[in-house]
Amino acid sequence: ELWYAAYWVVTQSVRWSPVRRCTFRDRLTARYGDRLPGVDIFVCTADPLSEPPSLVISTILSVMAYNYPAEKLSVYLSDDGGSVLTFYAMWEASLFAKHWLPFCKRYNIEPRSPAAYFSESYQDLCTPKEWSFIKDMYDEMTERIDTAVISRKIPEEIRSNHKGFYEWNPEITSKNHQPIVQVLIDGKDQKGVDSEGNVLPTLVYMAREKRPQHHHNFKAGAMNALIRVSSVISNSPVIMNVDCDMYSNNNDTIRDALCFFLDEEMGHKIGFVQYPQNYNNMTKNNLYGNSLHVINEVEMGGMDSLGGPLYVGTGCFHRREILCGKRFTKDYQEDWNGGIKGRIQDTSIGEIEEKAKSLATCTYEHDTQWGDEIGLKYGCPVEDVITGLAIHCRGWESVYSNPTRPAFMGLGPTTLAQTLLQHKRWSEGSFSIFLSKYCPFLFGHGKTNLRHQMGYCIYGLWAPNSLPTLYYVVIPSLALLKGIPLFPKVMIHNMRKMSPCLHVFSIKTNEVFTCPSDYESMDRTLHICLLCEEHVQPI
Ligand SMILES: O=c1ccn([C@@H]2O[C@H](COP(=O)(O)OP(=O)(O)O[C@H]3O[C@H](CO)[C@@H](O)[C@H](O)[C@H]3O)[C@@H](O)[C@H]2O)c(=O)[nH]1
Ligand SMILES: [Mn+2]
């Protein structure tokens with residue numbers, strides 16, 4: 001009970017003053033018009049078997065279709081599986097996008113992930129003929145991709161369509177291959193247009209170099225490689241990242257996030273804007289509590305009032321500079337016009353790809369600050385949380401945005417086994433942060449306020465919290481079964497002696513009884529006090 005009392009105090013830090021934010025996107029458009037900044041979107045995938053390429057490209061297509069000027073948007077996929085099957089799916093997606101994007105924009109459909117959109121029945125925004133035309137095209141594409149994944153090969157005639165396929169040879173495995181960077185759609189190229197002649201977002205496939213003797217640092221390593229690769233292709237000042245199983249469910253999310261970054265009063269303090277992780281595959285009655293309701297609806301909003309929510313690894317917008325280690329200063333001004341606009345004369349896309357590959361090698365980060373002061377931090381299963389904490393400690397704030405229509409939808413665990421695995425990883429990771437030099441109380445000391453540090457610790461203490469919980473579940477039940485009283489009797493009698501006005505309780509009839517200290521004079525026909533097992537009388 002002492003533990004619970006202490007943990008309660010820690011949790012109250014974030015429950016005291018939650019905030020809920022709302023944005024005015026139309027005003028952003030009115031004020032900034034076409035002066036909005038460029039945005040780079042990073043999607044990570046790691047394994048074509050557990051993360052099917054046909055689903056990965058649905059996420060890709062959903063973020064390509066944002067309601068945002070296409071020439072300012074670049075989408076990057078990091079494939080840690082280094083799989084030609086994923087590359088093939090991306091190539092198919094680059095062709096399908098030419099029809100999907102104009103379709104989405106013409107009828108303003110939601111959600112813009114084709115898998116999610118077509119899983120719902122026909123919506124009468126467009127004619128049934130157009131709907132079936134696009135749906136057939138999509139179904140045929142997914143069938144081709146799924147067939148390739150099952151047979152694990154790409155048809156020969158397709159290989160000749162894109163030079164990228166020649167990067168793969170029979171010796172390549174997911175753990176041993178050269179860096180691969182392929183620009184599938186070059187938004188700055190005259191030919192990068194959709195079926196109606198509109199510009200398409202830039203689309204890039206990257207598989208960083210993998211060698212058995214080099215540690216690859218999981219998703220953080222992939223994200224850092226993407227930061228460098230994108231810096232020579234688009235170099236946009238804003239970076240958004242999503243996991244490949246989290247599609248965009250709201251086509252205005254970029255504008256929503258920019259409302260915070262471009263805010264005249266507080267925008268210059270904001271390092272990142274975090275969106276909740278929402279899932280669309282939850283079991284009936286949310287059996288294992290996987291919808292993260294308390295975190296999404298209470299705790300993240302509470303953290304927001306204390307200095308900012310945690311960075312949880314997906315559905316987050318960062319400023320590039322801040323992700324790269326910049327410290328906050330009061331006179332900080334971001335140059336929103338940054339980024340690579342046109343193509344520097346005489347540089348072909350081939351040369352840019354070669355340059356990008358040299359940034360995605362295993363040895364590039366040796367003897368540099370990458371993984372420590374620059375980019376996402378390495379060496380922890382929940383690298384995103386310490387990365388966010390470091391950003392807060394460098395003086396930046398963050399913002400939690402939770403619009404009514406969820407910004408992202410993903411696949412959460414549904415079975416007990418998946419849930420246990422997920423929670424074990426999260427609680428283990430957060431506890432190891434708590435015990436490391438990144439313990440919020442030590443690392444954040446003097447840099448963030450105490451309540452903010454306590455907020456971070458809610459998750460750090462999840463793992464030790466399991467012990468008293470287990471005790472509470474097991475011991476009282478056993479005691480009840482054995483008929484052993486839970487509270488020592490002698491204590492209650494002592495307390496009775498101290499206080500004249502004792503146990504007040506109600507029974508079924510709603511009559512209130514007291515158990516007076518001078519029970520000698522009590523009417524013996526009345527009820528018995530449940531706590532001290534003495535007779536009581538009505539008041
Ligand atoms: O070596 C790796 C391992 C994973 N991933 C990608 O990282 C993402 C997250 O991995 P996943 O196995 O799905 O972990 P989850 O537990 O579902 O992820 C949650 O928890 C992680 C740790 O806090 C965060 O990084 C994630 O964003 C958050 O969604 C996925 O897109 C993976 O494809 C890589 O790119 N490379
Ligand atoms: Mn996941």
antiparallel share of DSSP beta bridges within segment 2-464, to nearest 5, in %, is 40 percent
What's the exposure ranking of 393, 126, 457, going from fewest to most Cβ atoms within 10 Å? 126, 393, 457
In deg cm²/dmol, rounded to 500, what helix-only [θ] at 222 nm does the chain give when every DSSP H run of at least 4 residues adds -39500 (n - 2.57) and the total is split over its residues? -12500 deg cm²/dmol
Relative to the present Cα-Cα distance, how much length would full extension add between residue 24 and residue 364 at 0.36 nm per residue of separation? 118.2 nm
For 303, 454, what's the fewest-to-most ordering of other Cβ within 10 Å of each Cβ? 454, 303
Per residue and in cubic angstrom, what volume does the convex hull of the Cα atoms of segment 58-111 have? 78 Å³
With r as the distance between the Cβ atoms of residue 335 and residue 405 and R0 = 25 Å, compute the FRET efficiency 1/(1 + (r/R0)^6) and round to 0.05. 0.20
23 Å Cα-Cα reach of residue 188 towards lysines, excluding residues that sit fewer than 8 places from it in its own chain: 72, 98, 105, 163, 341, 355, 357
Rounded Å value of the spacing that divides the Cα centres of segment 259-329 and segment 341-403: 19 Å
Give the whole-number value, in cubic angstrom per residue, of the convex hull volume spanned by the C-alpha atoms of segment 2-464. 161 Å³
Would you mind giving the average projected area, over all directions, of the Cα convex hull of segment 340-413 in nm² with one decimal? 9.5 nm²
Pop the C-beta distance of residue 129 and residue 447 into the FRET formula with R0 = 60 Å and round what comes out to the nearest 0.05. 0.50
Put in order of increasing Cβ neighbours within 10 Å, starting from the fewest, 335, 252, 139 give 335, 139, 252
Could you check the spin-label model distance between residue 34 and residue 178? Points 7 Å from the Cα along Cα→Cβ, value in nm. 4.1 nm
With a point put 7 Å past each Cα toward its Cβ, work out how far residue 347 is from residue 394 in nm, to one decimal. 2.3 nm
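Quick note: the coordinates plus some simple rules give every number you see, no bench work behind them. Bear in mind the structure is a predicted one, so any value in this text is a computation, not a measurement. Note that each Cβ is placed from the backbone with ideal geometry, even for glycine, and that neighbours are counted across all protein chains shown.
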